[in-house]
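Following: one structure in structure tokens, then a few remarks.
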Amino acid sequence: MDELNSKELLEEVLKSEIEGLSYWAQGSKEHSEAINNIATLYKLKIDETKSELDADIKYRVNECEYQVKCDQAFEQKKDRYIRLGMDVAGLLLPLLFYGSWMRRGFRFEETGTFTSTTFRGLFNRFKPTGK
């Protein structure tokens, strides 16, 4: 018997017990027993509703925790790619800069008639590696 059927069955029995209550005289033993049965059935219904709500809350909490973990993983992945891009740019940009200045310096020094102390000074400072 699945959960939905047991809940419906419980509600039907509870309804029939309440309807049957009018058949007994107030204050009789049967009336008292019927009231006790109704109280027990209501407690069962409350317990079943509580367990359903607890299961639903647990499911929703797990779902939220999973979503938070997915969001954190996405942010970490994004941060890794940004850091990688910055590291690559940190290597490539100085290399491009040094290459450009070296080409210009070599073009100027091509003839060999004039030498530039500026280019010699820059050539000593070129460091195409990270810090």
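The values are calculated or read from the model by the stated rules, or taken from the named source; none is laboratory data. It should be emphasised that the depicted structure is a prediction, and the values quoted were computed from it without experimental measurement. Neighbour counts run over all protein chains shown; Cβ positions are idealised from the backbone, glycine included.
So that you can scan it fast, the table gives a plain yes or no per residue for (1) in contact (Cβ under 8 Å) with a residue 24 or more places away in the chain; (2) outside any helix (DSSP H, G or I); (3) surrounded by 10 or more Cβ atoms within 10 Å (Cβ to Cβ); (4) within 48 Å of the chain's Cα centre (by Cα):
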position: 13; (1), (2), (3), (4): yes, no, yes, yes
position: 21; (1), (2), (3), (4): no, no, yes, no
position: 27; (1), (2), (3), (4): no, yes, no, no
position: 30; (1), (2), (3), (4): no, no, yes, no
position: 34; (1), (2), (3), (4): no, no, yes, no
position: 37; (1), (2), (3), (4): no, no, yes, yes
position: 40; (1), (2), (3), (4): no, no, yes, yes
position: 51; (1), (2), (3), (4): no, no, yes, yes
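Residue-wise test of (1) exposed (fewer than 10 other Cβ atoms within 10 Å of the Cβ); (2) modelled with pLDDT under 85; (3) closer than 30 Å to residue 7 by Cα.
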| position | (1), (2), (3) |
| --- | --- |
| 54 | no, no, yes |
| 87 | no, no, no |
| 105 | no, yes, no |
| 117 | yes, yes, no |
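For residue 17, state whether it is at pLDDT below 85 and surrounded by 10 or more Cβ atoms within 10 Å (Cβ to Cβ).
When the stated conditions are applied, residue 17 does not pass them.
Could you list all residues from region 24-47 that are in contact with an Asp or Glu (Cβ under 8 Å, 6 or more places away or on another chain) and of a type outside the set (A, V, I, L, M, F, W, C)? Give the derivation first.
To start, the set of residues in region 24-47 that are in contact with an Asp or Glu (Cβ under 8 Å, 6 or more places away or on another chain) comprises 24, 34, 37-38, 41, 45.
The answer is 37, 45.
Could you tell me whether region 62-84 includes any residue that is more than 30 Å from residue 14 (Cα to Cα), surrounded by 10 or more Cβ atoms within 10 Å (Cβ to Cβ) and small (Gly, Ala, Ser)?
Yes - at least one qualifying residue is present in region 62-84.
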